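Q: Shown below is the structure under consideration.
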Amino acid sequence: MDPWLECMDFGVAMTKEAGKMIRDALQREISVREKSSPVDLVTETDQKVEELIISSIREKFPTHSFIGEESVAAGAPSALTDGPTWIIDPIDGTTNFVHRFPFISVSIGFTVNRQIEFGIVFSCLENKMYTARRGRGAFCNGAPITVSGQQDITKSLILTEMGFKKDSEHFRAMMANMESILSIPVHGIRAPGSAAVNMCLVACGAADAYYHIGIHCWDMAGGAAILTEAGGVVMDITDQPRQQRRRRSPPELPV
Ligand code: IPD
């Protein structure tokens, strides 16, 4: 009997609800506020979606803890304990949401004893539900997914994000990183605008790697579970694998 499967099923149902809220909100006018910088945005929908997710989960699992992007922005503690903890990004890709650019996701990572037990990323305009339960593989809309397995960087497509810091030191570092990678050369660099979606794109082999300087735990908790279960590896800048699993054979895809 899997103790966390009920939580995962509930999380999937909640992310579907959240996705519906986001799609509905896109039909209306979007009011935007700035957070840490003029390019770090938040909308009323980010807050409403997070409230919906947290209040529903809290009602069902009253002893569980939460780390939510908007709750932390409003002053809640961001403390990872050993207890069951839901790490939530209600809209990963808020800038995309504001511009109606189609990579917008709801991301949930669930930890117990500080280990990720499952991840859920719902790319709600693409209608792609990515899920992974620790030790049981990664899926997109129920079909198994796996990383590309590309070994040759010159044949790879790399994802990144620009981040919110626009001071000259960060800007120079960002441009220097891009120049080094493009001059290898690689097939290309893309910045789709949602960290969680980026990790899922690597998890399903649509891209070969993703690097991001200045990522938050809520941006990556769900995607990290999916990527590692798809045979990928999540590393920090000291080159240490965060979690590692052997790559499985690619699943048979319908023609
Ligand atoms: C952001 C997105 C974006 C990344 C930012 C994140 P948010 O998340 O993942 O791709 O560049 O660093 O903060 O703010 O839209 O939840």
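Please treat every number below as a calculation from the coordinates, not as lab data. Remember, it's a predicted structure, so these values are computed and weren't measured experimentally. With ideal geometry, Cβ positions are generated from the backbone for all residues, glycine too; neighbour counts draw on all protein chains shown.
Q: Net charge within 9 Å of ARG136 by Cβ-Cβ distance, Lys/Arg positive one each and Asp/Glu negative one each, not counting ARG136 itself?
A: Neighbour charge sum, excluding ARG136 itself: 0.
Q: Once fully extended, how much extra length lies between ALA206 and ILE153, figured as 0.36 nm per residue of separation less the alpha-carbon to alpha-carbon distance?
A: 17.6 nm
Q: Roughly how big is the chain's charge dipole about its Cα centre, with Cβ charges of +1 (Lys, Arg) and -1 (Asp, Glu), in debye to the nearest 20?
A: Charge dipole of the chain: 520 debye, to the nearest 20.
Q: If R₀ is 22 angstrom, what is the calculated FRET efficiency for the pair SER31 and GLU59, using the beta carbon separation as r and rounding to 0.05?
A: E(calc), rounded to 0.05, equals 0.20.
Q: Please state the shape class of segment 162-237: rounded when a/c is under 1.5, otherwise prolate if a/b exceeds b/c and oblate if not, all from the C-alpha gyration tensor.
A: Oblate, since a/c reaches 1.5 and b/c is not below a/b.
Q: Nearest 5 is fine: what % of DSSP beta bridges in the chain come out antiparallel, could you say?
A: Counting only bridges with both partners in the chain, antiparallel ones make up about 75 percent.
Q: Turning to a different aspect of this structure: Show log10 I(q)/I(0) for the chain at q = 0.10, 0.15 Å⁻¹, two decimals, from a solvent-free Debye sum over equal Cα scatterers.
A: The computed values of log10 I(q)/I(0) come out as -0.47, -1.09.
Q: I've got another one for you. Compute, for segment 24-121, the length of the dipole vector about the Cα centre, with Cβ point charges of +1 (Lys, Arg) and -1 (Asp, Glu) only. Units Debye, rounded to 20.
A: Dipole about the Cα centre, nearest 20: 80 debye.
Q: Write down the radius of gyration of segment 143-183 and its Dmax, each obtained from C-alpha positions, in Å.
A: 14.3, 44
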